[in-house]
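Here the structure is laid out as structure tokens; the discussion comes afterwards.
Derivation of every value follows stated rules applied to the coordinates shown; laboratory data play no part. Source: prediction; values computed, not measured. Counting neighbours? That spans all protein chains shown, and the Cβs are built from the backbone with ideal geometry, glycine included.
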Amino acid sequence: MKGLNNYILAFIILALLSSLLFLTLLLISRLNKIYEKRLINRYVPIIDKLLFSILFNDEPVHKVIESNLYQSVYKHKSFKKTLLASIVKLHEEYSGDYNEKLEDFYHQSGLIKISFFKLKSKAWHEQCEGIRELSQMNIKAGISDIKKCIWHNNATLKLEALIAVIRLQGVEGLSVLHEYNEQINDWIQLNLIFELENSNLEAVESFSHFLKSKNESLVIFGLRLIAKFNQIQSLDQIWELQFSNASDKVKTEALRTLERLPSMSIYNRAKS
Amino acid sequence: MLLNIFIERAVSVYNAVIFFYVILISSSYLILAIISIITLSRYLKENSFINYKIILSSDMAPHLSLIAPAYNEGRNIKENVHSLLSLSYTNYEVIVVNDGSKDNTMDVLIKAYDLEEVKYDFTEKIKTQQVKAIYKSNNPAFHKLVVVDKYNGGKADALNVGINVSSKAYIICIDADCILHKDALLILAKPFLEKSDEHVIATGGVIRVANSCVIKGGSLLKINVPTNMLARVQVVEYLRAFLLGRMAWSKLDGLLIISGAFGMFDKDIAIKAGGYDIKTVGEDMELVIRMRRYMIENNLKYSVSYIPNPLCWTEAPETFSILGKQRSRWTRGTMETLWIHRRMFLNPKYKILGLLSVPYWFIFEYLAPIIEFTGLLITFVFAILGILGWSYFLMFVLFAYSFGIMFSILTLLSEEYSYHQYPKVSDFSKLLLAAIVEPIYFHLFIVYAALKGNWEKIVGRKGWGDMVRTGFNKGKQSTA
């Protein structure tokens, strides 16, 4: 009985100490959040002022960087983090000259180095952040490193890299998929199609080459792209799939693609 | 002399067995918590890169039927249906099944949504109570809404009617009184897209306590900690169960339950498995197990997903009387489900479900209150006989109490690091206080309710019992 009592006492002490530890961590986390919120509240007006002067007052970037306001805060980690997030967000919302100015600031301020540093990190989520920042800011210099991530084991990193390649190279970026032997699930396909749709493509080459792939998911992806971009020139290849050894899944998708393509072209094909 | 030695030995053995059981149950909680925290942390990191909005514009998104059974929900039904119709999703319909309500549920729906009886063809794939009529709205703004009026048959029967009427490939079963996050369907649909190479048969979501939250027009505007202590304790309890329990079971591929208040299922598999079982009050857990059994017994590759995001908010009981009925029903549901699927117990054919999940539910979920009560009873007898080791007993109680508090604080820490839904310091202090009083104020009652559930099952009591809802942001009201 005494032995058990000692064990229980040890467990009680352990539970109490753990409670104290968790409580301390909780308080630290809560205080950190409050502190960070305060910092952001302090930095946001400064960032707005700096970026406003670059974007709308045509202030040269180097002057803004040399300004006392920028110099007083730029060394702070939280400031850089908030500034980087703001620039990336603005770049997503604006276009043309505004984006060129933002890209110029991204280079000159050295924020680009932070993104490259993240890309080379060993933590997959930091790599994801780096890839997103570089691709949003249209930095093509990182493309070879980004392409390497396509073969990473982590699904999120893989997807982020695929999206970035399309964002930076447009339809040409899809060529990386030719060597792809893994399954491209519906979620990846949906993201890639979304990215292509938002790439302001002018002339889209035929996606029918995907239909010859041995990777079933790539064939389905090709069919979906054909349907999305109304590529009626691929009708013959789609019909061929119906009579090939393709799986039921592929044949069903081929049928759906035919249904989605403009009806007149299908009618003409059937007639011939 | 011999009797004394025997008694002493028996007491020692009893103490050792109870000690071993408590250590085992505490360790299992800790192991599940560690797995949950690791999984949750990874999920949150992945989730921060996801743009759910792209699902909105895609025709690849799964087509969904939201099924909401309603029984005497007249007071809240209008705004609850409005909330369901305003979700961010393209391909979905809302099927409200009025399960023979005795109040004005049907009248409210007809008036609020300009409903008209229509001829609606559907096949009765699952046998149910007779449908009286099916209504659609004359207002194009409510084209997604289908209202089914049927004879009373219970929640499971109403859900089965919803499955029969559904025209989409996936069903989402929710309680009509739940408030869903605007992006709930987008988030719930993602696993079905993500794992297109295997068959996702179900996805479960987290249920959060909505008492004292500000809800307007069926939308959650502000999250508050409940003012009522009983509901507040349930906030901690729900967080513990959903964040530190089910997350781990999902990771281990051993999830047995998807809450009846919010879950998404592959309709075809749900029908093939036989739909909801109307004979049990634990129809949510029972369906998940039956669907999983169906897949395993037919050698079909499948998975069950779990989403930890706070997507569904519900009203928790605020009085011991209603809480007692709810928990007694949960116990009966567990008993019935475990009995129906007793074949799975320690059966390697069902892999982790048979070897771990079902035995765990039996030993640590179902038996725990019975063992606790038996322990208290024996302790009482020992005290009367004068053979109780008081120091051991007190140390034991202190350990149970300190472990309970430690685990609840770990739960609050997980919430702080993950979804941070209670940012106000005052709210956090209230939850901490709830965690401290829970083992005394709440836990003993839960043990009592579970025992009552056992008794009711033994004497053959069936059904859900009367439920009283306060209603969101409304005064007290009564519905049966």
Legend entry - Two-site FRET efficiency, B:M1 against B:T374, from Cβ-Cβ distance with R₀ of 45 Å, rounded to 0.05: 0.95
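Of the listed pairs A:K122/A:K148; B:K155/B:K182; B:K125/B:K155, which have alpha-carbon separations greater than 23 Å here? Don't skip to the answer; put the middle values down first.
Values: A:K122/A:K148 13 Å; B:K155/B:K182 25 Å; B:K125/B:K155 17 Å.
Too far apart for the 23 Å limit: B:K155/B:K182.
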Inset, instruction - Please work out the Kirkwood hydrodynamic radius for region A:1-115, using every pair of different C-alpha atoms, and report it in angstroms with one decimal place. - result: 17.3
Legend entry - Table column - 3J(HN,Hα) (Hz), region B:417-424, Karplus curve with 6.51, -1.76, 1.60, x for Gly and Pro: 6, 9, 9, 6, 7, 10, x, 6
Legend entry - For region B:61-67, 3J(HN,Hα) per residue [Karplus equation, 6.51 cos²θ - 1.76 cosθ + 1.60, θ = phi - 60°, Hz, x = Gly/Pro]: 4, x, 8, 10, 10, 8, 10
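So which of A:K212/B:K267; A:K77/A:K113; A:K33/B:K251; A:K33/B:K216; B:K190/B:K301; B:K222/B:K430 end up more than 23 Å apart, counting from Cα to Cα? Display every interim value, and only then the final one.
On the way: A:K212/B:K267 34 Å; A:K77/A:K113 14 Å; A:K33/B:K251 29 Å; A:K33/B:K216 29 Å; B:K190/B:K301 19 Å; B:K222/B:K430 17 Å.
Cα-Cα > 23 Å for A:K212/B:K267; A:K33/B:K251; A:K33/B:K216; rest within.
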Legend entry - In Hz, Karplus ³J(HN,Hα) per residue of region A:5-10 (6.51, -1.76, 1.60; θ = phi - 60°; x = Gly, Pro): 4, 5, 4, 4, 4, 4
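Considering only DSSP states other than H, G, I, E and B, which chymotrypsin sites (Phe, Trp or Tyr not before Pro) in region A:188-244 qualify as loop sites with at most 12 other Cβ atoms within 10 Å?
Working: sites: A:F194, A:F207, A:F210, A:F221, A:F229, A:W239, A:F243; in loops: A:F207, A:F229, A:F243.
Answer in residue order: A:F243.
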Legend entry - Long-range HN-HN contacts of A:S109 with modeled amide H, under 5 Å: none
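Using r as the Cβ-Cβ distance of B:S86 and A:R38, and R0 as 30 Å, what FRET efficiency do you calculate, to the nearest 0.05?
Values: r = 35 Å, r/R0 = 1.17.
That pair, B:S86 with A:R38, gives E of 0.30.
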Legend entry - Amide H contacts of B:V209 (H built 1.01 Å from N, under 5 Å, at least 5 apart or other chain): B:T314
Inset, instruction - Evaluate the charge dipole of region B:110-228 about its Cα centre and quote only its size in Debye, nearest 20, assuming +1 on the Cβ of each Lys and Arg and -1 on the Cβ of each Asp and Glu. - result: 240
Legend entry - Contact order normalised by residue count of region B:95-167, Cα under 8 Å, 6+ apart, percent: 43
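Between Rg and the Kirkwood Rh of region A:124-272, both from Cα atoms, what is the Rg to Rh ratio?
On the way: Rg = 16.4 Å, Rh = 16.2 Å.
Taking Rg over the Kirkwood Rh, I get 1.01.
Mind jotting down a quarter of the surface of the convex hull over the alpha carbons of chain A, in square nanometres, one decimal? Don't skip to the answer; put the middle values down first.
Numbers: hull surface 93.1 nm².
Convex hull of Cα atoms, orientation-averaged projection: 23.3 nm².
Applying 1/(1 + (r/R0)^6) with R0 = 60 Å to the Cβ-Cβ distance of B:I23 and A:E240, what FRET efficiency is obtained, to the nearest 0.05? Provide the component values of the computation, followed by the final result.
Working: r = 66 Å, r/R0 = 1.10.
That pair, B:I23 with A:E240, gives E of 0.35.
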Inset, instruction - List the extent of the Cα atoms of region B:383-463 along each of their three principal axes, largest first, rounded to whole Å. - result: 49, 44, 18
Inset, instruction - Filter the trypsin sites (Lys or Arg not before Pro) in region B:205-301 to those in DSSP coil with at most 12 other Cβ atoms within 10 Å of their Cβ, and list the result. - result: B:K279, B:K301
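Once you have a ≥ b ≥ c as the square roots of the Cα gyration tensor eigenvalues for region B:1-124, tell me rounded if a/c is under 1.5, and otherwise prolate or oblate according to whether a/b is larger than b/c.
Values: a/c = 4.18, a/b = 1.88, b/c = 2.23.
Cα axes put region B:1-124 in the oblate bin.
How large is the direction-averaged shadow of the alpha-carbon convex hull of region A:88-148, in nm²? Intermediate values should be presented prior to the final figure.
On the way: hull surface 15.7 nm².
Mean projected area for region A:88-148: 3.9 nm², to one decimal.
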Legend entry - Antiparallel %, DSSP beta bridges [both residues in the protein assembly as shown], to 5: 45
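Place a +1 charge on the Cβ of each Lys and Arg in the protein assembly as shown and a -1 charge on the Cβ of each Asp and Glu, then give the dipole magnitude about the Cα centre in debye, rounded to the nearest 20. Before the final figure, lay out each step's value.
On the way: 85 positive and 72 negative charges, 310 e Å.
It works out to roughly 1480 debye.
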Inset, instruction - Among B:Y366, B:N160, B:I54, flag the residue with its Cα farthest along the positive direction of the charge dipole of chain B, charges on Cβ as +1 for Lys/Arg and -1 for Asp/Glu. - result: B:Y366
Legend entry - Percentage relative contact order, chain B, counting C-alpha pairs under 8 Å, at least six apart: 17
Inset, instruction - Calculate, in whole percent, how much of the Cα-Cα pair population of region A:79-190 lies beyond 19 Å. - result: 44
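Using the C-alpha atoms of region B:81-175, what convex hull volume per residue, in cubic angstrom, is computed? Can you show the working numbers first?
Numbers: hull volume 9.7 nm³, N = 95.
Spread over its residues, the Cα hull of region B:81-175 gives 102 Å³ apiece.
What translational diffusion coefficient, to the nearest whole µm²/s, does the protein assembly as shown have by Stokes-Einstein, given a Kirkwood radius computed over alpha-carbon pairs, a temperature of 10 °C and 1.306 mPa s viscosity?
Numbers: Rh = 29.3 Å.
The calculation lands on 54 µm²/s.
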Inset, instruction - Find the percent of Cα-Cα distances in chain B that exceed 38 Å, and round it to a whole number. - result: 25
Legend entry - Average projected area [Cα convex hull, region B:201-257], square nanometres: 5.0
Inset, instruction - Treating cross-link reach as a plain straight distance, find the aspartates and glutamates whose alpha-carbon is under 12 Å from the alpha-carbon of B:K136, omitting any fewer than eight places away in the same chain. - result: B:E93, B:D114, B:E116, B:E117, B:D149
Inset, instruction - Enter the per residue convex hull volume of region B:145-302, computed from alpha-carbon coordinates, in Å³ rounded to the nearest integer. - result: 139
